[in-house]
Structures are given as C-alpha cells and as structure tokens.
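Quick notes on the structure that follows.
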Amino acid sequence: MSIARTNRMTPYLFLAPAGLVLLFALFYPICYMIYASFLDWNPSQRIGEADFVGLRNYTKLFSDPSFRESMWVTLKFAGVVVTLEMFLGVGLALLLDRNIRGMSLLRTLFILPMMIAPIVVGLMWRYMYHPTVGIFNKTLKSWGFDTIPWLSDGNWAFASVVIADVWQWTPFIFILSLAALQSLPTSAVEASKIDGASGWQQIIYIKLPLMLPVLIVTFLLRLIDSFKVLEVILVMTNGGPGLSTEILSLRINRTASEFRELGEAAAMSNLLLIVLLLLTFAMFIYNKAQDARAARLRAVEEEA
Amino acid sequence: MPEIRLQQLRKDYGAVNVIENLNLEMADGEFTVLVGPSGCGKSTTLRMIAGLESVTGGQIVIGDRDVSKLEPKERDLAMVFQDYALYPHMNVAKNMSFALRLARMNKSDIEKRVKEVAATLDLTAYLDRKPAELSGGQRQRVAMGRALVRDAGTFLFDEPLSNLDAKLRGQMRAELALMSQRIRKNMIYVTHDQVEAMTLGDKIVVMKFGEIMQAGTPEQLYRNPANKFVAGFIGSPTMNFLAAELIEENGVLSAKGQGFSIPLPDARRASLQAHKDRNIHLGIRPSSFTEGPGGLKMPVILSEYIGAQSVLISELGGQQVAIEVNTVVPIRAGEEREFKVQGDEIHLFDPQTEAAL
Ligand SMILES: Nc1ncnc2c1ncn2[C@@H]1O[C@H](COP(=O)(O)OP(=O)(O)O)[C@@H](O)[C@H]1O
Ligand SMILES: [Mg+2]
C-alpha cells in the first residue's frame, strides 16, 4: 500500500471504533425492530419461535381506532405545544432582550425548568394538579371558585399535560431565540429606527425575518422532540383518562407490556421513526439549502 | 429646514465620561464635518443627535424643538452608517423604500422616488438584488440611496466611505460633494480622515477626547489653527514642529533653535512681545519651505517622489523635518540644499497650553 493511500485511509481508521459502536448500538436494534415488526411475537417466545406474518401488523394498525386516536393525540399534542412554545419563547426573548439590571438573573431563572429531569417534572405537576391537595385546586377553592378536574377529565387532562410541557420546554426556544436576537446586526435594527419603525415594526419587519433561519431549526428540533415525549405524561396521566392523553410512545409501551404484542409495538415504533426521520430530513435539507445559499453569496462577494 | 444646536451636551457610559461639555451650532443647510482621531467621541456625538444614544446631560435643539428626549423617528433625519446597515433580507428596492413604506406613502410615488434616486446612484440594474449580492461600493451607494429617498431635514453620515478602497473613496467623495451642493440640507458628517473633512465640509469641527478643539471653515483651520493639535491634524503631509526660543536680534523678533534662526514678520511683533525670551513650539508646514539660495542649509535624508511633488525628509537642529517641493528637477537623497521659510507662514505655539500664539 502506498503512503498516500495509507494517509487517505487514516481518518477512517480513527473513525472505525465509533462506527462499530454505532453499528451495534443503533443499527442492530433498528434492524431487529424492523424484523420484529413482521412477526407475531409474544414476549414469552424467543424471537426464533415467532410466526412471520408479513405486513399484517401494519395493516392491523391502520384499521385500529385506538392507534388512530393515539396518532391524533400525538399530532395534536405536538402541534399545540410547539406552537405555544414558539410564541411564548420568541415573545419572551423579544421582551427580555435588553440590558436592564437583574436581567441576567431573570434569564437564568427562565431556563431552569428545562434542567429538571422529566420524571421530576411529571411528579411535580401531578402533585400540583392533585384534585384536593394540589395547589391549583386549593387556591381555586380558597378564592371561592369551583375546583377543576385537572387530570380526571379528558379535555382538562390534555390541557394539563400541554401546560406542563409548555412550562418545561418554552425555555429551550427562549434561549435559542435570545441567542439569535443578540447576534442580529445591531446597526440594521438602528437603521430601521431611523427609518421610522416603531417597536412592533422593528420586530415584524427586521428582527423576526432575520431570526427566521434559527427559528425554523428550533421549531423542527422541538417538533421532533415533542413526538418522543413520554415520562412526563406517563407519570401524570399514564395516557388517561380513556385515551385522551395517550400519545404514541405511551401506546407503544402499553402494546408491548400490557397487550404483549411485540410485533405490533415494533411496527408502531417504525412508523414513529419514519415520521421523525422525515422531520430530521426536512431540517437537514433546510440546513443544506442555507449553506448552499451562503456559499453562493460568498462566491458573489469574492468576485465583486 | 432648521439649524441645529448642541448645548452643554454630555455623555457618560456608566462611570466613563466620553463627552463632557459640547457646544456647537450648525447653520441651516450647512455641511458640518466632525473630524478627529479614533475614539474621540465623533460617533457618540452623531448617535446622540440621531437619538440612537441617550443624552446624559444638555440639549439637542433642531430648529426650535428640543429633540434630546425624542425617538429617532421623531427627529426627521436620515443616516448612513459606517457598515451600511442594510437590511440583509430585503432587496435594494425594498431597502431604499423601507422608510417610505412605513410612512404609508402611496405605491406609485414610492416606486417613482426609488427609481429616481437609484438612477442618480447608478443602481437601477441592481434593484432586485439582495445586499449580499452586491460589491462594497454598490452597498455603500444603496446606503446613500436609502437616506436620499427620504426627504429628511437632516442627513447624518458616520464614516460612510471608510470601508471603501482608496480609489472608490475618492470617487464617492466627489459624488457626495456634488450631491450636497444639489440638495442643500443640514448634513453632519463624521470622519477621521482630514482630507475628507477638508474637501466636503462647509464647516469643520476638530475633536479630541470628547472636546472641540476648533470649529471653522477649512481655510480658517488650515491658515489659523487655534492650537498645536489642530495644526498637526489638518494638512498633509503633517506640519513640522520644532522646539525654539523667541528672541530679539538686532531689533528683529526671531525664532531661534538649534542650528537655525528664523526671523518673524513685524506684523506679529505686538502679539508676541509678551512671549519674548520664552520657549515656544514652531510649526512649519512642509509646503512652506521653498528651495533657493540664502536659506538654511539642510541635508536631504530621504526623498519620496510622488509625481508633481516630492516630500523630502531632512533634519534641522537634530529634529526631523518634512519638506514638500515641486519636482521639476528631482532632488536625490544624500544632497545638501538650501531652503527658505516664508516668515508669514510660520505658526507658533505655547509649549504648555499648546495654544497658538
Ligand atoms: N457603548 C459604549 N460603552 C462604553 N464606552 C463606549 C461605548 N461606545 C463608545 N464608547 C467609548 O466612547 C469613546 C468615543 O467613542 P466613539 O464616539 O465611537 O469614537 P469615534 O470618534 O471613533 O467615533 C471611546 O473611547 C469608546 O471607547
Ligand atoms: Mg466612530
């Protein structure tokens, strides 16, 4: 082997260990899961004993109203929380992007929820939502209002998990938006002030458009994450009452452990994986497009 | 179109005082240039006038309105920034029309106005381009255009040419001078480049450490600098400064230094009498020397040929001196020549206060 060729191989050599780990830790389970999704497999069987049923798990899923309900809950949940979080996070960032004394402390406080483990968040909110001793109902009662069935009524339960998620994840969008805001070209904003833009007009015509690339990536990241939420809802409602908060990851969990249908659970996981892959792919394409645009602009600049 | 007055203007950044007590009047339609070394507070002053920087003390009066507490948009001004500050996400036409669109001018008027201004700035072909797709010079013109489409009472410029290469800068400087003649408006222009200041300004304000050293026409500043700083700042090549003593020899007042003695004109006798037998600083512009017999014998250490002119580096009494001469016959380094100094082109400064005598 020539030296040049050896040199070219060197990076791959160094990458190999990581590649091997990835192969076993990621690729193998995924293949395993894809294979399992074609089986009628009970947890008491070894995988070799399971019957091969082709696409039956998938066709069954699509005609299963519970699965469709769960899919709908997931979409609804992701849509609602990400929209709310985007509005609140970006709004807070716009509000707190100024140099007043104590602002850095306030910013730190705002991002605390994100740092708490999801299980803890779930427990915390479950206690606060408790029908009699929870802080919300106790407060309502002491003010003379009716109490609210936070976790025991379908619609309220959905709202409750949405509130908990928004509380936990708005900070994520807040810090990314704040970072984007603070890296905006200050002089463009100043120019717009001179041009006569009011505070709102500065936000709408200058700040938001310039933040857009960051906002889109933030949005996609958060969307991907919201499809995978599990612990908080598991702890708070375990999917109930009824199917009102049974998002897909909970459904998968139940199908495997309660209904003992490993094949079906695998098929669901695969569907979720496909949705997430599509979203990731969208983000990837978007980043590529941005890079290409930047490269083109640089080329123009150099030639000019 | 109003005059602008800065009264006892003060600016602190936290505990740091940048401008202490600035007083300045600008007449209606005047082109005022704030010039001074980097960090002397020119931009701060301009940005306070624009309303981008709060005023710590004092007033800014435009016409008969005290605008010091008003928002930028209530001050009726347009501004060109050093880094152009174009809106990256808007094309040239949108950039230029932004202010007009905010003011809800009707569409066809906006279009007409933008086209007019774009034509005068050679930007017609680029109206659809985004700023990133333009060269530096084009971006600079868009920034100008964005200010010009507006019919503002006052135009502010913060070093608008400093990011251009030398040739383009000269070109834009000339265009700017033409433009300022065409639209007689209040213009306040910040630069650290004295050539720009001299060529553009009706009035030049020389600043140092947040203070005004002198304000006046280019000619006043060049001919009668109020102090050593202004004398050294205005004019290129820079004025030579020599340590000397003011003495009376044979009834003639002269500046005597190591190895030279330059007689001063009688006209200055009265004002200089009080400083007799004291140390002074002598200021001689490189162009005040003329070559000819009967002058001071000076060695030519270095000869910088520029074209029609040459700048010679020489020595007088152990101090380096620059001399500007016409290059009819090139003078080479190593020669020794005689140079005379025009007595009425000599500047004298108090060594302590640096004020002109
Ligand atoms: N935002 C700021 N905070 C603190 N000091 C500042 C700020 N802006 C400018 N300064 C200081 O004020 C002085 C004047 O700055 P500036 O007006 O930008 O000078 P220039 O004459 O070069 O335009 C400088 O010493 C600079 O360090
Ligand atoms: Mg400056």
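Structure above, values below:
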{"quantity": "Spacing of the two label points (7 Å from each Cα toward its C-beta) at residue A:228 and residue A:10, in nm", "calculated": "3.5"}
{"quantity": "Span from the region B:206-253 Cα centroid across to the region A:57-134 one, whole angstrom", "calculated": "70"}
{"quantity": "Folded to 0 to 90 degrees: helix B:107-120 orientation relative to chain B principal axis, Cα", "calculated": "30"}
{"quantity": "Per-residue Cβ neighbour rank within 10 angstrom, fewest leading, B:40, A:31", "calculated": "A:31, B:40"}
{"quantity": "Amide H contacts of residue B:257 (H built 1.01 Å from N, under 5 Å, at least 5 apart or other chain)", "calculated": "B:245, B:262"}
{"quantity": "Charge dipole of the protein assembly as shown about the Cα centre (unit charges at C-beta), most positive-ward option of A:212, B:257, B:156", "calculated": "A:212"}
{"quantity": "Hz values of 3J(HN,Hα) by residue in region A:111-119 - Karplus curve (6.51, -1.76, 1.60), Gly and Pro given as x", "calculated": "9, 4, x, 5, 8, 8, 4, x, 4"}
{"quantity": "Residues with amide H under 5 Å from that of residue B:12, placed H, sequence gap 5 or more", "calculated": "B:18, B:56"}
{"quantity": "Mean residue ellipticity (222 nm) of the protein assembly as shown, computed from DSSP H runs ≥ 4 via -39,500 (n - 2.57), nearest 500", "calculated": "-14500 deg cm²/dmol"}
{"quantity": "Partner chain coverage, peptide B:77-87 - average Cβ within 10 angstrom", "calculated": "5"}
{"quantity": "Calculated diffusion of the protein assembly as shown, Stokes-Einstein form, Kirkwood radius summed over Cα pairs, 4 °C and 1.567 mPa s, µm²/s", "calculated": "40"}
{"quantity": "Cα shape, region B:1-41, gyration tensor, a/c 1.5 rule", "calculated": "oblate"}
{"quantity": "Over 22 Å between alpha carbons, listed pairs B:42/B:228; B:208/B:256; A:193/B:94", "calculated": "B:208/B:256"}
{"quantity": "FRET efficiency for residue B:106 and residue B:211, using Cβ-Cβ distance with R0 set to 35 Å, rounded to 0.05", "calculated": "0.15"}
{"quantity": "Region A:251-304, dipole about Cα centre (Lys/Arg Cβ +1, Asp/Glu Cβ -1), debye to the nearest 20", "calculated": "160"}
{"quantity": "Sparse-neighbour loop sites [chymotrypsin sites (Phe, Trp or Tyr not before Pro); region B:200-270; at most 16 other C-beta within 10 Å; DSSP]", "calculated": "B:209"}
{"quantity": "Dipole of chain B, positive direction: furthest Cα of B:56, B:246, B:183, with charges on the beta-carbon", "calculated": "B:183"}
{"quantity": "Ranking of B:228, B:115 by count of other Cβ atoms within 10 Å, fewest first", "calculated": "B:115, B:228"}
{"quantity": "Prolate/oblate/rounded call for region B:304-354, Cα gyration tensor, a/c under 1.5 rounded", "calculated": "prolate"}
{"quantity": "Residue A:72 paired with residue B:128, simple spin-label distance in nm, labels 7 Å along Cα-to-beta-carbon", "calculated": "4.8"}
{"quantity": "Residue-wise HN-Hα coupling along region A:84-99, computed from phi with Karplus coefficients 6.51, -1.76, 1.60 (Hz; x: Gly, Pro)", "calculated": "4, 5, 4, 4, 5, x, 5, x, 4, 4, 4, 6, 9, 7, 7, 9"}
{"quantity": "Residues A:195, A:51 arranged by fewest to most Cβ contacts within 10 Å", "calculated": "A:51, A:195"}
{"quantity": "From phi via Karplus (6.51, -1.76, 1.60), per-residue ³J(HN,Hα) for region A:125-134 in Hz, x at Gly/Pro", "calculated": "5, 4, 5, 5, 7, 3, x, 10, 9, x"}
{"quantity": "Global geometry of chain A, whether rounded, prolate or oblate, following the gyration tensor of its Cα atoms and the 1.5 cut on a/c", "calculated": "oblate"}
{"quantity": "Test item: Cα-centred dipole of region B:240-349, Lys/Arg +1 and Asp/Glu -1 on Cβ, debye", "calculated": "160"}
{"quantity": "Total charge dipole magnitude, the protein assembly as shown, about the Cα centre, Cβ charges on Lys, Arg, Asp, Glu only, Debye to nearest 20", "calculated": "1400"}
{"quantity": "Farthest toward positive dipole pole in the protein assembly as shown [+1 Lys/Arg, -1 Asp/Glu at C-beta], among B:18, B:117, B:302", "calculated": "B:117"}
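Bear in mind these aren't lab numbers, they're just calculated from the coordinates by the rules spelled out. Not measured: the values here are computed from a predicted model. Neighbour counts run over all protein chains shown; Cβ positions are idealised from the backbone, glycine included.
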